[in-house]
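Only one structure is covered here, and it is reproduced in the block below.
The values are calculated or read from the model by the stated rules, or taken from the named source; none is laboratory data. Just so we're clear, the structure is a prediction, and the values are computed from it rather than from any experiment. So basically every Cβ, Gly included, is an ideal-geometry build from the backbone, and we count neighbours across all protein chains shown. Ligands, DNA and RNA are stripped out before the accessible areas are found, and what is left, the full protein with its side chains, is counted by its heavy atoms. Shrake-Rupley method; radii C 1.70, N 1.55, O 1.52, S 1.80 Å.
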Amino acid sequence: EKVSSDVEASGEVTDIQKKMKRAERFGMPVNLSEKEKRDSRAERFGTGSTGSALDVSKQSEDFKRKARAERQSAPTDEEAKKKARLARFGSSPPADEVEEDKKKARALR
């Protein structure tokens, strides 16, 4: 009982003791240091200083950057675009003579 009263005197020690008891109850390893806590969290969620996850993310970022650079550096030739559009849609449709007469009559009014 003397040990428990000494432990309760300091709030930090009590908290650590509680964590240790809980970890033992549930069969979890006890991580006391901040570095161990960070490493454990990084391992669980796949972030932080894990080497393999970092390499994979860097490779995907590099690939994305190269693809984006290629799209932006592609020359935009306006004349080529206009010719391609004209070939695809053709020139303006032939107008009926009746329609032409109506347009002329409207223009005279």
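At-a-glance table
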| read-out | value |
| --- | --- |
| Contacts under 8 angstrom Cβ, first residue in the stretch 44-67 being surrounded by 10 or more Cβ atoms within 10 Å (Cβ to Cβ), partner modelled with pLDDT of 70 or more and not in a helix (DSSP H, G or I), 6 or more apart | 53/46; 53/47 |
| Those residues of the stretch 18-38 which are part of a helix (DSSP H, G or I), modelled with pLDDT of 80 or more and either open to solvent by less than 90 Å² (accessible area, probe 1.4 Å) or β-branched (Val, Ile, Thr) (or both), in sequence order | 20, 23 |
